[in-house]
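First up is the structure itself, then whatever we jot down about it.
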Amino acid sequence: PVLIPRGVLGSIERMMAVLAERCQGRWPFWLSPRQVLIVPVHAGDEGQRAAVAKAHAALRNDGFAVELDLSDADLRYKIKESQQRCFNYVAVIGSREAAAGAVSLRALGEKRSRNVPLAELRALFAQMASLDC
C-alpha cells in the first residue's frame, strides 16, 4: 500500500481550482481534454467521411484528444457547439480539403479559419502539446 498525505492532494486540488478559474474553462492546448473536433461539411459525402476518418486516426495516433461530429446538423451549428464546448480547435473538412489532404482549422474564439495540410497540422499540435510553447 502507498500512503499519500492529504496535504499534497489539497494543494493539487487548490492549484486545479485556480487554473480552472483563471482559464474560465478554456484550458491550454497541452492540458485540454477537448483539443480538436473534426467536422465534415456534408456528413453524407463518403469522400469527406474518409478524409475525416484519416485525420482522426492520424491525430489520435499522435496522442491528441480528438472527437468527431458526423451528425447531419448544419455546419454553423456544429462550429457554434464546438465553441460552447470549449474545443481548442475545430478542423472542418470539405471536398476541397479532402482532395488536398488538408483541413480548415479554426481556433477557439477566432472568426477566421485557415487551410493547413494534415502533416503541418500534426507538427503544429505536437509543438503546442510540448510544454515549451
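Quick check on packing: order 82-93, 114-125 by the mean number of other C-beta atoms within 10 Å, highest mean leading. Can you show the working numbers first?
Working: 82-93: 21.2, 114-125: 15.5.
Most protected by this proxy first, the peptides run 82-93, 114-125.
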* Asked: Which percent of the accessible heavy-atom area of region 1-118 goes to carbon and sulfur, probe 1.4 angstrom?
  -> 54 percent
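State the extension gain, in nm to one decimal, for the chain segment bounded by residue 71 and residue 57, taking 0.36 nm per residue of separation less the distance between their alpha-carbons. Numbers along the way, then the final one.
Numbers: separation 14, 0.36 × 14 = 5.04 nm, distance 1.85 nm.
Computed gain between residue 71 and residue 57 is 3.2 nm.
Relative contact order for the chain using alpha-carbon pairs under 8 Å, separation at least 6, rounded to a whole percent? Could the numbers behind the result be given before it?
Numbers: 165 pairs, mean separation 32.5, N = 133.
Relative contact order, the chain: 24 percent.
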* For region 1-124, with every protein chain kept in place, what is the accessible area per residue (1.4 Å probe, Å²)? -> 64 Å²
* Can you send over the solvent-accessible area of residue 95, 1.4 Å probe, protein chains only, in Å² to the nearest 10? => 80 Å²
* Of the listed values (1) 142; (2) 181; (3) 121, grab the one calculated as volume of the Cα convex hull per residue in Å³ from the structure here. => (1)
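Given 0.36 nm per residue, what is the gain on full extension from residue 42 to residue 12 after removing their alpha carbon distance, in nm? Provide the component values of the computation, followed by the final result.
Details: separation 30, 0.36 × 30 = 10.80 nm, distance 4.36 nm.
Extra length available between residue 42 and residue 12 comes to 6.4 nm.
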* To do: In debye, nearest 20, what is the charge dipole magnitude of the chain about its Cα centre with +1 on Lys and Arg Cβ and -1 on Asp and Glu Cβ, if you could check?
  => 320 debye
* Put +1 on the Cβ of each Lys and Arg and -1 on the Cβ of each Asp and Glu in the chain; which of 73, 107, 57 then has its Cα farthest toward the positive end of the dipole? -> 107
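The values are calculated or read from the model by the stated rules, or taken from the named source; none is laboratory data. From a predicted model like this one, the values you see are computed outputs, not experimental measurements. All Cβ positions, even for glycine, are placed from backbone atoms using ideal geometry, and neighbour counts span all protein chains on display. In case anyone asks, the SASA skips ligands and DNA or RNA and just uses the protein heavy atoms, side chains included. Shrake-Rupley method; radii C 1.70, N 1.55, O 1.52, S 1.80 Å.
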